[in-house]
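Structure first, commentary second.
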Amino acid sequence: MRINIFSKIMGAFIVIILLLGLSLPVIAFKTIKRHYISTFTENLKNITLLIRPEITNFFKNKKINEIDGFIKSLKHSVNARITVIDKEGTILADSERDPKNMENHKMRPEFIDAISGRIGTSIRFSVTVEEKMLYVAVPIVLDSKILGVLRVSTYLKDIESLLNELRIKILFLTFILTIIAFIITFFISRGISKPLKELVFAAKKISTGNFNVQVFLKTDDELKDLAETFNDMVAKMQKLFLNLANQKEEFNTIISSIEEPLTVVRKDGTIKLCNESFKKIVDTKETKGGHFWEYIRSPELDDLIKKVKAEKRHKIAELRLRDRHYIGSFTFLSQTEEIILILYDITKFKQLETIKKEFIANISHELRTPLTAIKGFIETLEEEEQIHNIKYLEAIKRHTNRLMNIVNDLLSLSELEKDGIKLELEEVRLDTLTENIVKIFEQKLKEKGLNLILDMQKDTKPVIADPFKLEQMLINLIDNAIKYTEKGTVKVSLIQDEKNTVIAIEDTGIGIPENSIHRIFERFYTVDKSRSKKLGGTGLGLSIVKHIVLLHKGTIDVQSVFGKGTKFTVTIPNNSKN
């Protein structure tokens, strides 16, 4: 049930008024009653203090029998009942009753306090007069001895009659004030709720898109300030919405003009927006609101989106969708956890790359036969006894061997780059494999005077990998380290944990310039071309190494300082099938 603000304010005030109207009379009455009793008690104390010296003289002169007459003589001059009690509780005198007919007062609370040396007070029902009374009792002391008790009392009915008159006046005044409070509350509630109703009515109009509304209040208080602020806010909102509409139109124009397919994927995987190019590749006219999996059933894309969400960072990856190749740019928006995906079509580049690879593979096969024949003829000529121009024959042989190395490396690289290539997986002990490969280079190390350091972790477990390709990878890396190191050491280390095995080849050679590190895995790229040719390098070794590492689902990292040395770190999963 909906309750309006007027009812809430009015109801709250009524509850407060009723609580005050009910509690204040009770509190006031109790306070006044306490005050009256306290005043009467003080009056009775004063009477006892005035009479006590006279009563003490009677005890001093041993005229106990005359006390009752004296007390009764005071009956008309003192508006209170006076009683004298000995220390045993026996009544000696009373201004209104015959002491002989009164019972012992030893157990009366005011007597007990007074006989102990204190001023005793008590409100209780009197058995003697059969009415509720207020009692004040003081000890009668002579020579530091308590001889008895002087008690003065008064009827509470006198106080009650005064309080009843006062109670009627308080209740009448409370009733009048409550009626006035109700009237004031009504006008206050109405004064607050009416302007608020106008503001609510105006706000509802704004919610429907109607900004041509203003609120004017006649009041001169905070509500008027609120109305003026509301009007100012409406004007600013109108401008803001107009600017947003223009920006949205510009944004849609920009998105539509982008040729590359673009889409924004929400946190839950639904498509927030996309351009026409994206609609074309998914072959639909409406994608907004649907889940991207409904339009692009690609496990590869699904995995990439999940990875970007998990890592919460920008990512660029190559993927294939509907027989076309794309480079996907994934941008993660941290505030909304949405992903902006832009697809760049590289199908033509991929086709050119494939043609290029096929051409290199084909020409390598074609070159291999004549080069083999040339090499055979050179070896035949070397067997003859008389050879003219031996230096030309050596040059032909050297260049033929270089061409043969290039052709062999190209064929190896082409084989590694084939789609669907399968590794010959088996258990491989990398420590044993590394030690065997190092032996191949013992002679080269001696010739150059280099130190070899083998740092192998003990008790390494076999890994599931292709032994021939790992051997090829290690030979290339160690051979490069020796070739480009003139003095110092070549260090080969191996460590293993539960998931990966890490092989590091480190040298103290010439190093790689910083601007060349990112290119060293490209085909035919050499840092120092003249030195590479002199050493017989083909520029393909590191490309072969990288492909072997990637086939084993591993990573390769390079750290180098020019003139000081280079370190290659290869990380291979212990089980390449995973």
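Considering only Leu22, Ser116, Ile140, the residue lying farthest towards the positive end of the dipole of the stretch 6-162 is Leu22, judged by Cα position with unit charges set on Cβ.
Under the simplified labelling scheme, the Met237-Ile453 pair shows an inter-label distance of 7.3 nm, with each label point 7 Å from Cα along Cα→Cβ. How large is log10 of I(q)/I(0) for the stretch 467-510 at q = 0.14, 0.24, 0.25 Å⁻¹ when the intensity is taken from the Debye formula with one equal scatterer per alpha-carbon? Each listed q maps to, in turn, -0.38, -0.86, -0.89.
Do the alpha carbons of any pairs in Lys439/Lys483; Lys446/Lys567; Lys306/Lys499; Lys446/Lys564; Lys312/Lys350 sit beyond 19 Å of each other, and which pairs? Long pairs (Cα-Cα over 19 Å): Lys446/Lys567; Lys306/Lys499; Lys446/Lys564; Lys312/Lys350. Derived scalar couplings between HN and Hα for the stretch 484-491 equal 9, 10, 8, 8, x, 9, 10, 10 Hz in order, rounded to whole Hz, by the Karplus curve 6.51 cos²θ - 1.76 cosθ + 1.60 (θ = phi - 60°), x for Gly and Pro. Scaled against 2.2 N^0.38 Å for its residue count N, the alpha carbon radius of gyration of the stretch 51-204 is 1.91.
Given a cut-off of 29 Å, name the pairs among Lys248/Lys279; Lys33/Lys63; Lys60/Lys132; Lys62/Lys100; Lys106/Lys157 whose C-alpha atoms lie farther apart than that in the structure shown. Result: Lys33/Lys63; Lys60/Lys132 exceed 29 Å. Taken about its Cα centre, the stretch 258-345 carries a charge dipole of about 220 debye when Lys and Arg each add +1 at the Cβ and Asp and Glu each add -1 at the Cβ.
With kT/(6 pi eta Rh) evaluated at 4 °C and eta = 1.567 mPa s, and Rh the Kirkwood radius from Cα pairs, the stretch 426-573 diffuses with a coefficient of 83 µm²/s according to Stokes-Einstein. Rounded to whole numbers, the Karplus 3J(HN,Hα) couplings from phi for the stretch 29-41 are 5, 4, 5, 5, 4, 4, 5, 4, 4, 5, 5, 4, 4 Hz, using 6.51 cos²θ - 1.76 cosθ + 1.60 with θ = phi - 60°, and x at Gly and Pro. Compute the distance from the alpha-carbon center of the stretch 478-510 to that of the stretch 162-217, in whole Å. Here the two parts' Cα centres lie 88 Å apart. Coupling constants for the stretch 549-562 follow from the phi torsions by the Karplus curve (6.51 cos²θ - 1.76 cosθ + 1.60, θ = phi - 60°), and in residue order they are 5, 5, 4, 8, 6, x, 9, 10, 10, 10, 10, 8, 10, 4 Hz; glycine and proline get x. Once every Cα of the stretch 431-485 carries one equal point scatterer and solvent is ignored, give the base-10 log of I(q)/I(0) from the Debye formula at q = 0.27, 0.31, 0.32 Å⁻¹, two decimals. Listed by q, the Debye log ratios stand at -1.20, -1.37, -1.40. The modelled label-to-label distance between Ser38 and Ile179, using points 7 Å beyond Cα along the C-beta direction, is 3.4 nm.
If you build the Cα gyration tensor of the stretch 258-345 and take the root of 5 times each eigenvalue, what three semi-axes come out, in whole angstrom, biggest first?
On the way: eigenvalues 65, 45, 28 Å².
One finds semi-axes of 18, 15, 12 Å for the stretch 258-345.
For the stretch 88-128, the calculated P(r), taken from all Cα-Cα distances in 5 Å bins from zero up to the bin holding the longest distance, is 5, 22, 27, 29, 14, 2 percent.
Every number here is computed from the coordinates shown, using simple stated rules; none is lab data. Predicted model only: the values in this text are computed from it and were never measured. Quick reminder, even Gly has a Cβ in these numbers, built from the backbone with ideal geometry, and neighbours come from all protein chains shown.
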